[in-house]
Amino acid sequence: MIKFRSLFVAPVLATFAFAGSAQAHTKLISSSPAANSTVAKPGKVVLNFNERVVAAFVKTELMMTGMPGMADHPPMKMAGYTTAMSKDGKIVTLLMKKALPAGSYMLKWSAAGADTHRMEGSFLFIVR
């Protein structure tokens, strides 16, 4: 009877252990500029994740979605920035060659941690 119980309990415990680790996906916990904020001309954008991200799986796309004085400004991909990671791998910094000009922006990101499950998101901010 004890042997039967051990054979039953071990797979059940393994299932719970796997389920817990499978749900620990990469999440953006904060950013600077913060989502939906209005800031002075930043020279960098900082993304702070809940876990170490794998550099090869980090992708960012910064788009200017609006410009003062232009009612129908089409989205414009911003180039000219480099990306750096912190030593602990939880912070990704986009370093601008020049401060961002006034306008509205959308940052799209995707990243994966050790589980290699790619997560993605986006947020808006305004530069005055």
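A few comments on the model shown:
- Flag for Ala34 being at negative phi and at pLDDT 95 or above: yes
- When restricted to residues that are in a loop (DSSP other than H, G, I, E, B) and farther than 21 Å from Pro74 by Cβ, segment 99-116 contains 6.
- If only residues of segment 43-56 that are over 10 Å from Ile91 (Cα atoms) and touching a strand residue (DSSP E or B) at 6+ places or on another chain (Cβ under 7 Å) are counted, the one that is surrounded by the most Cβ atoms within 10 Å (Cβ to Cβ) is Val45.
- Annotation note: of Thr83, Thr65, the sole residue that is assigned to a strand (DSSP E or B), more than 19 Å from Val46 (Cβ to Cβ) and in contact with a Ser or Thr (Cβ under 9 Å, 6 or more places away or on another chain) is Thr65.
- Conditions (1) under 19 Å from Gly121 (Cα atoms); (2) in a strand (DSSP E or B): number failed by Gly89: (2)
- Lone qualifier among Gly80, Gly66 - being open to solvent by less than 50 Å² (accessible area, probe 1.4 Å), modelled with pLDDT of 95 or more and not aliphatic (A, V, I, L, M): Gly66
- Residues located in segment 24-42, provided they are surrounded by 13 or more Cβ atoms within 10 Å (Cβ to Cβ) and outside any loop (DSSP other than H, G, I, E, B): Leu28, Ser31, Ser32, Val39
- Just so you know, in segment 83-108 the residues that are in contact with a Phe, Trp or Tyr (Cβ under 9 Å, 6 or more places away or on another chain), open to solvent by less than 70 Å² (accessible area, probe 1.4 Å) and not aliphatic (A, V, I, L, M) include one that is nearest to Ser32 (Cα to Cα), and it is Tyr105.
- Pairs meeting the criteria (first residue in segment 12-41 and within 21 Å of Ile91 (Cβ to Cβ) and of a type in the set (A, V, I, L, M, F, W, C), second residue at pLDDT 95 or above and open to solvent by 40 Å² or more (accessible area, probe 1.4 Å), beta carbons under 6 Å, at least 6 apart or on different chains) are Ile29/Asn48; Ile29/Asn50.
The values are calculated or read from the model by the stated rules, or taken from the named source; none is laboratory data. Computed from a predicted model, the values in this text were never measured in an experiment. Neighbour counts are summed over all protein chains in view; Cβ atoms, including those assigned to glycine, are modelled from backbone coordinates with ideal geometry. Ligands, DNA and RNA are stripped out before the accessible areas are found, and what is left, the full protein with its side chains, is counted by its heavy atoms. Shrake-Rupley method; radii C 1.70, N 1.55, O 1.52, S 1.80 Å.
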